[in-house]
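Following: one structure in structure tokens, then a few remarks.
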Amino acid sequence: ARAALFDALTQIGGAEAVAVGLETLQNTADPREVALLAKSLETQAPEQHRAEILAAARESLAMAAQGQLTGRDVGPLFEVFEQYGGADVLGDLEQAAKQWKYYATAALGQLPDGAGVPTLIRMVNESNSPNIPALETLASLSVSNPEARDALLAQVAANRISPNIWPYLSQALT
């Protein structure tokens, strides 16, 4: 029902709808609602409320990290970071990768202009054990991103990719 109300706000539009959307964004921690409200606000007022959107996503993710959102999927928050963030969310995603490896590394790979690639490379290089999610993301980006390709090739040349990891990477490479 709340999702339908958010959709209605978007359709109604105007300053009042934006104000209600912003107020609701500031008072919800539900990851799905944060993502729906972000989309609504971005539709109504493009690029005007990105700071508020990212702040709400950060707050919700912090609550999830503290175990306050049990049973809720945090995936929509990572979609918010990748859609409305840029280099300003690198630290958030790197920190989140400690708890949500696949969500965070996928979001890093989808940031505009390859902004997350250096962080992914650092995550792979600094890891004592293979960072499979980061390697998979680099592998999937290697076709279109020279920096990701060079980093992956450097891992191969240094013999840091063991035979049991290749099945994970093969799908990303194809």
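The values are calculated or read from the model by the stated rules, or taken from the named source; none is laboratory data. What you see is a predicted model; the values in this text were computed from it and never measured. Cβ: placed from backbone, ideal geometry, glycine included. Neighbour counts: every protein chain shown. The accessibility values were calculated without ligands, DNA or RNA, using every heavy atom of the protein model including side chains. Shrake-Rupley method; radii C 1.70, N 1.55, O 1.52, S 1.80 Å.
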Which numbered condition ALA107 misses (of (1) surrounded by fewer than 19 Cβ atoms within 10 Å (Cβ to Cβ); (2) under 30 Å from SER144 (Cβ atoms)): (1)
Which pairs turn up if I take residues in segment 65-84 that are farther than 13 Å from ALA104 by Cβ and look for partners that are open to solvent by less than 90 Å² (accessible area, probe 1.4 Å) and not in a helix (DSSP H, G or I) with beta carbon separation below 8 Å, at least 6 apart in sequence or on another chain? GLN68/ALA29; LEU69/ALA29; LEU69/ASP30; ARG72/ASP30
If you go through segment 24-83 one residue at a time, how many are part of a helix (DSSP H, G or I) and open to solvent by 40 Å² or more (accessible area, probe 1.4 Å)? 19
Can GLY109 be described as among the small types (Gly, Ala, Ser) and on the phi > 0 side of the Ramachandran plot? no
Pick from segment 1-23 the residues that are open to solvent by 80 Å² or more (accessible area, probe 1.4 Å) and closer than 21 Å to GLY71 by Cα: which of them is nearest to the chain's Cα centre (by Cα)? ARG2
Select, from PRO130, PRO163, PRO118, the only residue that is modelled with pLDDT under 95, under 25 Å from GLY91 (Cβ atoms) and either out of contact with any Cys (no Cβ under 7 Å at 6 or more places or on another chain) or not in a helix (DSSP H, G or I) (or both). PRO130
Can you tell me how many residues in segment 141-157 are open to solvent by less than 60 Å² (accessible area, probe 1.4 Å) and in contact with a helix residue (DSSP H, G or I) (Cβ under 6 Å, 6 or more places away or on another chain)? 6
